[in-house]
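Have a look at the structure below, then the notes.
Bear in mind that the values in this text are calculations on the coordinates, not laboratory data. Every value quoted in this text rests on a predicted model; they were computed, and no experiment measured them. Positions of Cβ are generated from backbone atoms using ideal geometry, with glycine treated the same way; all protein chains shown enter the neighbour counts.
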Amino acid sequence: MQTLPAIVGPTASGKTGLAIALCRRLGGEIVGCDASQIYRGLDIGTGKARADELAGVAHHLVDVVAPAARFDAAAYVAAADAAIADIRARGRLPIICGGTGLYLRALVRGLCAAPPIAPPVRAELYRRIEAGELPALHAELTRVDPVAAARIAPADRQRIERALGVFRTSGRPLSAWQAEHAATPDRLVVRPVAIRWTRDDTWRRIERRVDGMLAAGWLDEVRGLVDAGHGPALRRLKALGYRHLVDVLDGRLDIAEARERTVIETRRYARRQRTWFKKTPGLRWFDGPPDVDAVEAWLRAGLA
């Protein structure tokens, strides 16, 4: 089984730039692992690499679906498998790059055999979540699947919906399905790399990132998406900052407030990502800015 490089870690750490540099050195193509960049039209605010930055390096799994479309870990694995097979067939090296830890884990470990949520169950859970009943749903999950509830934050609507939906559909706790899956072998071997900055540097990089996106026309991007009818989808998506800019367009926030809320949320997200990836087996952290020669040498040692 071929070992694949994986450039992962917190937002604003420089993953894409490192992946592009490594693609040029290793004959690679990027396989995106980002739950927001898969949406068409969400370009500036998700930090998609521009054509001039890629300079001919292929970047797969961006612009896959419309903002209103449903896209989950199962859809990601299917799309990533197809991209990896295509890249390999052309004699190139797939290099995974992104900060969505759940997608990376699903790609490496596979998905447990828990059934899809029945449509009526999904509709009911969605209705209750939209009605502000997420705390009550987390409490219900604590009663029926305490193991899953203990590792799901009370505000994590996607994972609460999944865990409760599986229980209501199958009559069996999601944690039980996951325990069975834990005994299965990995379906893919990766050699993961992450870039580590000091906290102060990380905060500054996040502020510069948000400010740069706003200067590049992020609000106009959101206006175009709203005019195309995607406003409700932007409120539901986890893509950082989009719902705040929708609020600016609707007059509920001014741009300074939206900017501040986006910076704060991005900092929190970066902390969660760092915590998640610390648990990734075999992950090698390189201090930022990374020495590309050192990263390349470490990757080559594991790819040989």
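In this Cβ point-charge picture (+1 for Lys and Arg, -1 for Asp and Glu), the stretch 236-286 has a dipole of about 600 debye about its Cα centre. The magnitude of the dipole of the stretch 119-181, with charges of +1 and -1 set on the Cβ of Lys/Arg and Asp/Glu and taken from the Cα centre, is near 60 debye.
Size of the stretch 184-304 from its Cα atoms: along the principal axes, largest to smallest, the extents are 55, 37, 23 Å. Summed over qualifying helices (DSSP H, 4 residues or more, each -39500 (n - 2.57)) and divided by its residue number, the chain shows a 222 nm mean residue ellipticity of -17000 deg cm²/dmol. Give the Kirkwood hydrodynamic radius (Å, one decimal) of the stretch 28-120, defined as one over the mean of 1/r across all pairs of different Cα atoms. Kirkwood hydrodynamic radius for the stretch 28-120: 14.1 Å.
In µm²/s, what is D for the stretch 119-181 at 4 °C and 1.567 mPa s, where D = kT/(6 pi eta Rh) by Stokes-Einstein and Rh is the Kirkwood radius from Cα pairs? Write out the running numbers ahead of the final one.
Working: Rh = 11.4 Å.
The Stokes-Einstein estimate is 113 µm²/s.
Annotation for the stretch 83-161 versus the stretch 3-77: alpha-carbon center distance of 20 Å.
Fully extending the segment from ALA89 to GLU257, taken as 0.36 nm per residue of separation minus the present Cα-Cα distance, adds 55.6 nm.
If you take the alpha carbon radius of gyration of the chain and divide it by 2.2 N^0.38 Å, what ratio comes out, to two decimals? It would help to have the intermediate numbers written out before the result.
Values: Rg = 19.7 Å, N = 304, 2.2 N^0.38 = 19.3 Å.
In units of the 2.2 N^0.38 Å rule of thumb, it is 1.02.
Look at the dipole of the chain built from charges on Cβ: of ILE152, THR46, ILE30, the Cα furthest out on the positive end belongs to ILE152.
Pulled fully out, how much extra length does the chain show between TYR126 and ARG208, if you take 0.36 nm times their separation in residues and subtract their Cα-Cα distance?
Values: separation 82, 0.36 × 82 = 29.52 nm, distance 3.53 nm.
Full extension from TYR126 to ARG208 adds 26.0 nm.
Computed from label points 7 Å out along Cα-Cβ, the spacing between HIS181 and ARG25 is 3.4 nm.
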